[in-house]
Amino acid sequence: MQEVHKKLGKRVATLRRKKGFSQEGFAHECGFNRSYMGAVERGEKNITLAMTNKIARALNISLSELFKSV
């Protein structure tokens, strides 16, 4: 399961950068703390579906697009 968390975190970080967000700015956009977002991107957190949906909405993509290649 840890591998899935790491793949999702890497995907979030990649998409965040492509959208031009800093980690702090993106965390704010999602309603998260910056340190929490860092843990998500490193694959250290088991985030809920609701939190994953917040991330997808902040990136302006669907959940299926977020999970592509994860």
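Return the residue satisfying two criteria in turn: it lies in the stretch 52-62 and is assigned to a helix (DSSP H, G or I) and in contact with a Leu (Cβ under 8 Å, 6 or more places away or on another chain), and of such residues it is nearest to residue 16 (Cα to Cα). Restricting to residues being assigned to a helix (DSSP H, G or I) and in contact with a Leu (Cβ under 8 Å, 6 or more places away or on another chain), the top hit is 59. Scanning the stretch 1-51 for residues that are closer than 15 Å to residue 67 by Cα, among the polar types (S, T, N, Q) and not in a helix (DSSP H, G or I) yields a count of 2.
Failed condition for residue 69, given (1) open to solvent by 70 Å² or more (accessible area, probe 1.4 Å); (2) free of Cβ contacts under 8 Å to residues at least 60 places away in the same chain; (3) not aromatic (Phe, Trp, Tyr), with all others met? Residue 69 satisfies all of (1) open to solvent by 70 Å² or more (accessible area, probe 1.4 Å); (2) free of Cβ contacts under 8 Å to residues at least 60 places away in the same chain; (3) not aromatic (Phe, Trp, Tyr) except (2). If the condition is being open to solvent by less than 80 Å² (accessible area, probe 1.4 Å) and touching a helix residue (DSSP H, G or I) at 6+ places or on another chain (Cβ under 7 Å), then the stretch 44-60 contributes 47, 52, 53, 55, 56, 58, 59. Tell me which residues, restricted to the stretch 1-43, are at pLDDT 95 or above, open to solvent by 50 Å² or more (accessible area, probe 1.4 Å) and among the charged types (D, E, K, R). Listed by number, the residues that qualify are 6, 7, 10, 17, 18, 19, 24, 29, 34, 42. Annotation: of all residues in the stretch 55-65 being within 20 Å of residue 34 (Cα to Cα) and of a type outside the set (S, T, N, Q), the one that is nearest to the chain's Cα centre (by Cα) is 55.
The values are calculated or read from the model by the stated rules, or taken from the named source; none is laboratory data. All values derive from a computational prediction rather than experimental measurement. Neighbour counts run over all protein chains shown; Cβ positions are idealised from the backbone, glycine included. These area figures cover heavy atoms from the full protein model, side chains too; ligands, DNA and RNA do not enter into them. Shrake-Rupley method; radii C 1.70, N 1.55, O 1.52, S 1.80 Å.
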